[in-house]
Amino acid sequence: MQFTHFDTDAFLRDYWQKKPLLIKNPWEAWSDPLEPDDLAGLSCEDGVESRLITHTDMDGGWNVENGPLPEDRFDQLGDENWTLLVQAVDHYVPEVSALIEPFRFIPNWRIDDVMVSFAAKGGGVGPHFDQYDVFLIQGTGQRRWQIGGACDSDSALLPHDDLRLLANFEASEEWICEPGDILYVPPGVAHEGTAVSEQCMTYSIGFRAPARSELIGYWADDLIADMKDDDRYTDPSLQAQNNPGEIRPEAIDALHKMILGKLADRDAFARWFGEYSSTPKYPDIDWRAQQSSGIDQLRAHLASGHPLHRNPASRFSFIRQSDKSIILFVDGESFPCTGHTAIFAEILCGRGQISLDPVLIESNDVMALITRLYIQGSLIFDLQD
C-alpha cells in the first residue's frame, strides 16, 4: 500500500513530535489487510502477545485478560464494550507488515511494530497517553478519537494493575475516523478512542523512544561485562593531607575520569547501540530456516529472479564509518561491510524486498552474508514469486 497524497516534509516540519494530525484517507486504495476472525485466531496462539480489555459502564471498571485466549472466550463477550489487542501482528501477517512501508521516512531503528485491535461498539482502552509516537490507521468501522492535553510522569492515573488510565481527561478535539483515515498522536498527548460501529479495526504503528535511564543502564551493563577486575583506581602521587576524612578534589577528578573515559567512547557506543536497537522485539522466537541452504543454492535462487525478503520480525540498520565502509546490524548482531558487501547492506536496509544485480550475486562476500542471514532467519525467500 502507498499514499497518493501526503507531504512528508510538511508533516515532519509541522507535526512530528509537535501536535496531532488527522490525515483523511491518503491511500491509493484502502482495504483491510486482516479479517477480525484471523486476529482472534492469533490471540489464541502461544507466543503471541495479546490482551482482551472489557469495560463495564455500570461500575466504570476495566478488566484485562492476557493471552493466549481460549477459543470459546469470544462467544461469551457480547456485542459491546470490549477490545482485543494483538501486538506485533506485522511479524505474522505480511499484508499488515506492508502498512509500515509508507512510513519509512522515519528511520528503521525507531519503528517498533504494528499492534492491531478489534473493538465491539463502545470498546476502547480508556483515556491514556503513550511515551512514543503512533499512527492510528482506521480499518473496518468507525472510531471516535478524543484528544486532550500534554501529560507526563506526574499526571494523575487511576489505580489499576494493568492499565495506565488518566484520572483526569478533558478532550479539546474530537474526530470520527473512517476506513483508511490515519490519526497521528505525538508522545505525551492524552487521547481516547471508542468504537462507534459494531465492528472496529485499528492498526497502530508504534515507534520506539529509548529512555535516558534505559540507554545508560544497558550501555553500562555492556561495558561492565568486558571490564577486568584489576582495572582499578590508583594514586601513586598520593600526599599526606591534614584531615583524612576529606575526599580531595584530585581524587574526585581521577575517579570521574575513570568512568567518563569508558562512557565517552563514541565508536564503542555506536556499535553497542546498533546491536541493541536491532535486537528483535521477541528474541526468544526462533525464526531460523527449516531447511539449510548453501551459497550455491541461494545464488541459484537469486539468479533465477526470486527476490529476497526481510523477515518482518527482524530489524535492519547500519552505521556509516567511511565512504566505503559501514557496519550492518541485524537482529542484535553486527557485520562490518566494505565494497560490494557494503553496497548490498545499504540496499538491504532500504528495501523490504530485494532483487540483486548480477555483480552482487557473483560476489562471494555478499553471498556469504546472505547465507548467514538466511540461515538465522533474518532473510527469507518466497519461492512462489
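The values are calculated or read from the model by the stated rules, or taken from the named source; none is laboratory data. These numbers come from a predicted model, not from an experiment. In this analysis, Cβ positions are derived from the backbone assuming ideal geometry, glycine residues included, and neighbour counts consider all displayed protein chains.
Points to keep in mind about this one:
- The residue list Ile176, Ile224, Ile205 contains one member that is modelled with pLDDT under 95 and among the β-branched types (Val, Ile, Thr), which is Ile224.
- Taking (1) modelled with pLDDT of 95 or more; (2) surrounded by 10 or more Cβ atoms within 10 Å (Cβ to Cβ); (3) in a loop (DSSP other than H, G, I, E, B) in turn, Ile247 satisfies each apart from (2).
- Residue, nearest to the chain's Cα centre (by Cα), within the range 332-372, restricted to residues that are among the hydroxyl-bearing types (Ser, Thr, Tyr) and over 16 Å from Gly305 (Cβ atoms): Ser334
- Within the range 300-317, being crowded, with 20+ Cβ neighbours inside 10 Å and part of a helix (DSSP H, G or I) holds for one residue alone: Leu302.
- Filter result for Ser204 (over 24 Å from Ser50 (Cα atoms), in contact (Cβ under 8 Å) with a residue 12 or more places away in the chain and polar (S, T, N, Q)): no
- Residue match in the range 357-377 (condition: out of contact with any Ser or Thr (no Cβ under 7 Å at 6 or more places or on another chain), in a strand (DSSP E or B) and surrounded by 15 or more Cβ atoms within 10 Å (Cβ to Cβ)): no
- Within the set Ile347, Ile326, the sole residue that is modelled with pLDDT of 90 or more, surrounded by 14 or more Cβ atoms within 10 Å (Cβ to Cβ) and touching a Lys or Arg at 6+ places or on another chain (Cβ under 6 Å) turns out to be Ile326.
- Residue within the range 285-292 that is among the β-branched types (Val, Ile, Thr), part of a loop (DSSP other than H, G, I, E, B), at negative phi and in contact (Cβ under 8 Å) with a residue 40 or more places away in the chain present: yes
- Count of the range 216-263 residues which are free of Cβ contacts under 8 Å to residues at least 12 places away in the same chain and under 28 Å from Ser153 (Cβ atoms): 6
- Whichever residue in the range 102-150 is acidic (Asp, Glu) and part of a strand (DSSP E or B) and, among such residues, is surrounded by the most Cβ atoms within 10 Å (Cβ to Cβ): Asp113
- Hits in the range 356-373 (condition: closer than 14 Å to Gly294 by Cβ and among the polar types (S, T, N, Q)): Asn364, Thr371
- Number of residues in the range 341-356 that are in a helix (DSSP H, G or I) and either touching a Cys at 6+ places or on another chain (Cβ under 9 Å) or of a type outside the set (Val, Ile, Thr) (or both): the value is 8.
- Considering the range 276-322, and only residues there that are aliphatic (A, V, I, L, M) and farther than 21 Å from Ala98 by Cβ, the residue that is nearest to the chain's Cα centre (by Cα) turns out to be Ile319.
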